[in-house]
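Read the structure below first, then the notes.
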Amino acid sequence: MRLATIRVGDTTRAVRLDDDAAIELGAADLVEVLRRPDWRASAREADGPSHPLDTLDYAPLVLAPEKIFCVGLNYRGHILEMGRTLPEHPTLFAKFSRALIGAYDDIVLPAASQEMDWEAELAVVIGAPIRNASPDEARAAIGGYTVLNDVTARDWQYRTLQWLQGKTFEATTPIGPWLVTDDTGDTGDTGDGASAGSAELSCELDDETVQRADGSASSSTASRRAGRPATSIRSTPSTVGTCTTSCWGRCGNDSGRTRCCWTADASASNRTRTPRPSTSAPAAATPSCLPSAPGW
């Protein structure tokens, strides 16, 4: 299944994306959906109001996730390329929910930073509570996968050993447009589920491919990425987890377009425009700077 959160007037709706329409799930966003014990079945069987696919305005997948965990130094090839030794333990850092924007929303580059970079990443969304989980238990708790652009202020990130201040500028992290559910454990599976290991992740900047990697390039499996933070604190439905990209690059000061794609059994893609730096970034990014979701 493909699930999303869309804007409808001054509110939002969680929807299932079918081939011909988006069907409402009776919830404001995917946070509410994922907190239902039977969310897979209820989402698959929902028959609410429908919306044409070419009119959808995608909001962030999860509007206010309880946690956003990010795993740094996670791609073996990229670590070796930088001349570093493989870490015994990957770096963990966090983002705040106000950093998230919709997949096609504008990113307004903050005037406070002169070194803004793009980073296309595979994101995992938790679909069941986990704590002190084994890899198999963590794997079973994964609700699905999406793509995320971890736009980073490098000059702020490296001011100290702690990365957070450069990683969570407001309205700088596009996520989505949709969640591809992991239905391998669902008896109602129709074959449209997702697997991180079969994924190819890519990023385009002004139509030039600047990043390409497959899921196997990560030095940790998706289940370990999902389970590691839950050793210290419980991960609840809608918790987002990401791993650092296989490469990254500078956004620059001029307007440009970035497109992050993840292609697996089902696909996700986000496109954003990066306007010139502003002295006052808006609290909510401007919607729909590029056309609606392409037919991936």
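The values are calculated or read from the model by the stated rules, or taken from the named source; none is laboratory data. For clarity, every value in this text was computed on a predicted model and none was experimentally measured. As a convention, Cβ positions derive from the backbone with ideal geometry for all residues, glycine included, and neighbour counts pool all protein chains shown.
Annotations for the structure displayed:
- Selected residue (criterion: nearest to Cys261 (Cα to Cα)) from residues of segment 148-173 that are within 17 Å of the chain's Cα centre (by Cα), among the polar types (S, T, N, Q) and part of a loop (DSSP other than H, G, I, E, B): Thr172
- Residue check for Arg154: surrounded by fewer than 20 Cβ atoms within 10 Å (Cβ to Cβ), in contact with a helix residue (DSSP H, G or I) (Cβ under 7 Å, 6 or more places away or on another chain) and over 24 Å from Glu208 (Cβ atoms): no
- Summed over segment 1-13, the residues that are in a strand (DSSP E or B) and more than 12 Å from Asp57 (Cα to Cα) give a count of 2.
- Matching entry among Leu80, Leu63 (being at pLDDT below 95, over 22 Å from the mean Cα position of the chain (by Cα), surrounded by fewer than 19 Cβ atoms within 10 Å (Cβ to Cβ) and among the hydrophobic types (A, V, I, L, M, F, W, C)): Leu80
- Evaluation of Ile142 against (1) in contact (Cβ under 8 Å) with a residue 12 or more places away in the chain; (2) aliphatic (A, V, I, L, M); (3) more than 21 Å from Asp29 (Cβ to Cβ) (one fails), failing number: (3)
- Scanning segment 83-135 for residues that are in a loop (DSSP other than H, G, I, E, B), within 27 Å of Thr236 (Cα to Cα) and modelled with pLDDT of 85 or more gives Phe96, Gly102, Ala103, Tyr104, Asp105, Gly127, Ala128, Pro129, Arg131, Asn132.
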